[in-house]
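Derivation of every value follows stated rules applied to the coordinates shown; laboratory data play no part. The structure presented is a predicted model; accordingly, all values stated were derived computationally and were not measured. Counting neighbours? That spans all protein chains shown, and the Cβs are built from the backbone with ideal geometry, glycine included.
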Amino acid sequence: MEWHNEDIGAAITESKTKKLIFLVFIYDPANNIAEHIWNNETVINLCKTNCISLKLEFESQNCSFFKQIYPISTCPTTYLIGVNGKPIDVISGEISEEEFLSKLQKSIDVHNLEVNPAIEATESNEPTTSQNTNETSQESNTSEQKKSIDEKVAQAKEKLRQIQEKKRLEEEEKNRNSEMERRRLGQDILKAKREKEELEMKQLAEAKRKEKLEDELAKKRIMEKIQQDREEKQKNYAQEKQDVQSAKEAERQKLEQQKLLEKQAEAARNSNIARLQFRLVDGSSFNSQFEPNQTLKEVKDFVAQKLVEMNNNNTNFSMHSTFPKREYTDSDMSLTLRELNLAPSASLLIIPAKTKSITNMIPSPSSSSGVLGTVATVTTDIFTLFFSIFASMWGVVTGLIGIGQNNSRGSNQATGSSNQFRATNQEDSVQNLRLRNLGNNPRVRSLNDDREDDDNATWNGNSTQQM
């Protein structure tokens, strides 16, 4: 099959010039169901003689231009268009070669009638050479031929009208279907748009709800953080205030203690008398006065002599002070009472050297007499503290007014009997006071108890382990 190689415009121009049928074949490269028709020799000869044939691919640009004028519903489709631009016939779909040849032949006949309506005029122009005798027969033949042509033209026109009517109906049906499809598509688009808007509104509402919830949670966390910071600041402020008060209190106590020590040191420097109280582990005690320049060795000798006079032959002992807590050793025996801060007054504990530990001499708090022992201990410590303060103040006063300046070591020995009498009276009064404080505490023991109970020995409820 020979196809026109130029574009649609050139093919149309050539068909009008030659007054031939404009044949357009639209095909799909993926479907070659009509290929055998165009290989038929009869079809090729008819098309070559009566048609300008053009082959267009369905998806090509030229076919798009063609579809703007002539609609194409199926593929393959063959358009047979006359010189006036109107389709003579449209062959669509898969058909047989005989049917295609029949339709092609009819289209060619219709086209020829449209192009040559007066064939008889051509025949009448021919020179007549017949004789007069044949004029009647020739006229009859001419009339019959003219009648036959008129009938054919009428049939062709009727057929063309039917084809055009059918095409119009098909076009209207197609337009109606297209309109319905367009409306349906518009409704679908509108419905999809409405559903999309509803979904967007739901998503927006959900996002706002989540945002509001997150804002509330964030606000709650901020308020909790602020409350926590406020409580933490209050706690830190209270702690700092307490620390400052504690520091101030400690500083105040330190200053008071320092002032007390300074007063005691000043009193010791200005005092001419050292009043000492000696307390024994059995609860008894005695007092005596010494010169501040006397050594601790002389005091220890005096205590040993006093113990002999009290029928206590245990002269191997050690001396301890409670304020401050200290045990006096052999290296302290050569020091004076002023150097040891035992002037103007002090209290010394006399502990036998054979006693291993007197920690257990304190009544146990868990025992029935623990409360009484504790009260006795506190009472004794308070009494000792007040006695030391009173003795210090007394030393300062006597130093200022000059009382006791004539006392000396010799006078102590010369007036031994009077001192012993005064010490005995003081010893008895202090011992009676301590016994009243201790009550009937069965755990208080004397030096005459069994030695294996030395670890449990007590003195007046005060543990000497502190020393």
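Using the Cβ of L199 as centre and a radius below 12 Å, the other residues enclosed give a net charge of -1, where K and R count +1 and D and E count -1.
Going from the residue with the fewest nearby Cβ atoms within 10 Å to the one with the most, K219, K103 rank K219, K103. Taking 45 Å as R0, compute the FRET efficiency from the Cβ-Cβ separation of E57 and N116 and round it to 0.05. Rounded to the nearest 0.05, the efficiency is 0.85.
Determine the alpha carbon to alpha carbon distance for each of K48/K106; K248/K325; K103/K157; K16/K159; K48/K166 and list only those over 19 Å.
Those over the limit are K248/K325; K16/K159; K48/K166.
Each Lys and Arg contributes +1 and each Asp and Glu -1, all at the Cβ; summed about the Cα centre of region 8-120, the dipole is approximately 500 debye.
What are the semi-axes of the equivalent ellipsoid for region 229-345, taken as the square roots of 5 times the Cα gyration tensor eigenvalues, largest first, in whole Å?
44, 18, 11
The convex hull drawn around the Cα atoms of region 26-70, when projected onto a plane and averaged over every direction, covers 3.7 nm². Its residue count N sets the reference 2.2 N^0.38 Å, and the alpha-carbon radius of gyration of region 42-92 equals 1.18 times that reference.
Could you compute the FRET efficiency for A304 and R326, with r as their C-beta to C-beta distance and R0 at 25 Å, rounded to 0.05? Result of the calculation: an efficiency of 0.80.
Rg then Dmax, both in Å and based on the Cα atoms of region 8-120: 13.8, 49.
All other residues whose Cβ lies under 15 angstrom from that of C75 are scored, Lys and Arg at +1 and Asp and Glu at -1, for a net of -3.
Each label was represented as a point 7 Å from its Cα along the Cα-to-Cβ direction; for T49 and S102 these points are 2.1 nm apart. Taking each residue as 0.36 nm, the span from E41 to E158 lengthens on full extension beyond its C-alpha to C-alpha distance by 39.1 nm. Comparing T74, C47, G85 along the charge dipole axis of region 8-120, the residue lying farthest to the positive side is G85, per the Cβ-charge model. Of the three principal axes defined by the Cα atoms of region 141-283, the extents in descending order read 190, 31, 24 Å.
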